[in-house]
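The values are calculated or read from the model by the stated rules, or taken from the named source; none is laboratory data. Every value quoted in this text rests on a predicted model; they were computed, and no experiment measured them. Because the Cβ atoms are built from the backbone with ideal geometry, glycine has one as well, and the counts that use them run over all protein chains shown.
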Amino acid sequence: MRPVIGVICDVKASGGHVVHGVTEKYIYAVANGAEALPVLLPGTVSAVDAAMKPERLVLDEIFELVDGIFLPGSPSNVAPHLYGDAPYEPPLPSDPHRDDLSIPLIRGAIERGVPLFGVCRGFQEMNVALGGSLFQKVYEQPGHFDHREDASLDIAGQYAPVHDVALEPGGLLEGLAGAPRWKVNSLHGQGINQLAPGLTVEARAEDGLVEAFRVTEAPGFTLAIQWHPEWRFWDDRLSSAVFAAFGAAARLRAERRGGRALKAAQ
Ligand SMILES: N[C@@H](CCC(=O)NCCCC(=O)O)C(=O)O
């Protein structure tokens with residue numbers, strides 16, 4: 001039986017309503033790359049109707065249900081006040097209702113030894129949740145490249161590999177890749193400024209920007225990647241290996257706690 005992986009939703013306004021959703025490529029990679037059952041986790045329910053009271057999922061209930069947590073990428077940014085920075089004027093795109101759940105969810109997963117995997121925004125929110133900070137505009141930082149996609153290209157062009165990362169010797173990614181370098185795609189305006197305490201760098205871009213890390217003392221799989229391994233993961237050996245390793249960690253947790261929580265509840 002497949003392990004259950006919770007996938008955190010973006011919270012967006014659409015046509016006068018509020019929508020909690022995840023881009024399909026992430027759901028597909030969890031289902032087929034990690035071979036898990038994806039379960040979408042809504043962010044905080046906002047008061048779109050004055051009669052509704054804000055409501056957030058309860059962490060203990062989530063961790064009874066899931067064997068792993070996946071944090072997908074998103075065009076939105078982690079709120080700067082969460083790492084002690086002031087917002088830009090006009091403000092950059094944000095998603096406070098996702099932040100409301102993702103930050104405690106990340107800390108809760110690590111405390112409980114639940115496998116955790118973050119991509120792009122998920123990578124950035126893991127660093128912030130653990131006490132690190134972000135550059136709000138990497139492309140304005142002296143000495144750094146512009147890591148944003150070329151918006152004039154079609155989607156396949158935007159997600160094509162564009163730069164190398166150096167994989168840390170002895171790290172998880174170097175072991176999975178069986179190589180010291182890998183060519184990756186790049187679609188982010190923000191990036192790590194201060195790396196949070198307790199994280200070990202797994203990969204760096206040629207300008208020195210941290211592109212992947214793991215939580216050093218975490219008992220299980222706890223990885224974050226700035227690029228997009230979910231994009232056509234089956235075409236890339238390292239992307240396939242990363243999702244397979246995440247799924248294997250979630251499966252191990254499911255076995256250790258006696259099978260799928262959904263089945264036990266029947
Ligand atoms: N807003 C942040 C996060 C970048 C990110 O997650 N991009 C993904 C966009 C669409 C997707 O493929 O899901 C930044 O710009 O740094």
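Please pick out the residue among 142, 161 that is assigned to a loop (DSSP other than H, G, I, E, B), within 30 Å of residue 248 (Cα to Cα) and at pLDDT 95 or above.
161
Any idea which of 57, 105, 82 is modelled with pLDDT under 95 and touching a helix residue (DSSP H, G or I) at 6+ places or on another chain (Cβ under 9 Å)?
On the way: 105 fails: modelled with pLDDT under 95; 82 fails: modelled with pLDDT under 95.
After applying the criteria, what remains is 57.
Determine whether residue 231 is within 16 Å of the ligand (Cβ to nearest atom), more than 19 Å from residue 180 (Cα to Cα) and surrounded by 18 or more Cβ atoms within 10 Å (Cβ to Cβ).
Yes, satisfied.
Six or more apart or on different chains, Cβ atoms under 6 Å: show the pairs whose first residue is in segment 241-266 and under 12 Å from residue 115 (Cα atoms) and whose second is among the aromatic types (Phe, Trp, Tyr) and at pLDDT 95 or above.
243/233; 246/117; 246/221; 249/221
Name the one entry in 192, 155 that is of a type in the set (A, V, I, L, M) and surrounded by fewer than 16 Cβ atoms within 10 Å (Cβ to Cβ).
155
Among 94, 133, 152, which is under 16 Å from the mean Cα position of the chain (by Cα) and more than 11 Å from the ligand (Cβ to nearest atom)?
None of the others qualify; the one that does is 133.
Within segment 43-59, how many residues are in contact (Cβ under 8 Å) with a residue 40 or more places away in the chain and not β-branched (Val, Ile, Thr)?
Total satisfying the criteria: 5.
Being in contact with an Asp or Glu (Cβ under 6 Å, 6 or more places away or on another chain) and under 19 Å from residue 160 (Cβ atoms) is the filter here; which residues of segment 213-260 pass it?
226
State whether the residues of segment 191-206 include one that is out of contact with any strand residue (DSSP E or B) (no Cβ under 9 Å at 6 or more places or on another chain) and either under 26 Å from residue 79 (Cα atoms) or of a type in the set (S, T, N, Q) (or both).
yes
Among the residues of segment 188-198, are any touching a Lys or Arg at 6+ places or on another chain (Cβ under 6 Å) and away from the ligand (no atom under 15 Å from the Cβ)?
no
Out of everything in segment 70-84 that is in a loop (DSSP other than H, G, I, E, B) and within 14 Å of the ligand (Cβ to nearest atom), what residue ends up being surrounded by the most Cβ atoms within 10 Å (Cβ to Cβ)?
Start the filter on segment 70-84 by keeping residues that are in a loop (DSSP other than H, G, I, E, B), which leaves 72-76, 78-79, 84.
Right, trim to within 14 Å of the ligand (Cβ to nearest atom) and you get 72-76, 78-79.
Numbers: 72: 24, 73: 24, 74: 24, 75: 15, 76: 18, 78: 28, 79: 20.
Among residues in segment 70-84 that are in a loop (DSSP other than H, G, I, E, B) and within 14 Å of the ligand (Cβ to nearest atom), the one surrounded by the most Cβ atoms within 10 Å (Cβ to Cβ) is 78.
Consider segment 164-184. How many of its residues are in a loop (DSSP other than H, G, I, E, B), under 13 Å from residue 212 (Cβ atoms) and not small (Gly, Ala, Ser)?
Number of matching residues: 1.
Scan segment 52-69 and give yes if some residue there is crowded, with 19+ Cβ neighbours inside 10 Å, within 27 Å of residue 155 (Cα to Cα) and within 16 Å of the chain's Cα centre (by Cα), otherwise no.
yes
Name the residue, out of 166, 218, 179, 244, that is at negative phi, among the small types (Gly, Ala, Ser), at pLDDT 95 or above and buried (at least 16 other Cβ atoms within 10 Å of the Cβ).
The unique qualifying residue is 166.
If only one of 122, 118 is within 14 Å of the ligand (Cβ to nearest atom), in a strand (DSSP E or B) and surrounded by 15 or more Cβ atoms within 10 Å (Cβ to Cβ), which one is it?
Among 122, 118, only 118 is within 14 Å of the ligand (Cβ to nearest atom), in a strand (DSSP E or B) and surrounded by 15 or more Cβ atoms within 10 Å (Cβ to Cβ).
Of the residues 21, 16, 6, which is under 22 Å from residue 220 (Cα atoms) and not aliphatic (A, V, I, L, M)?
6
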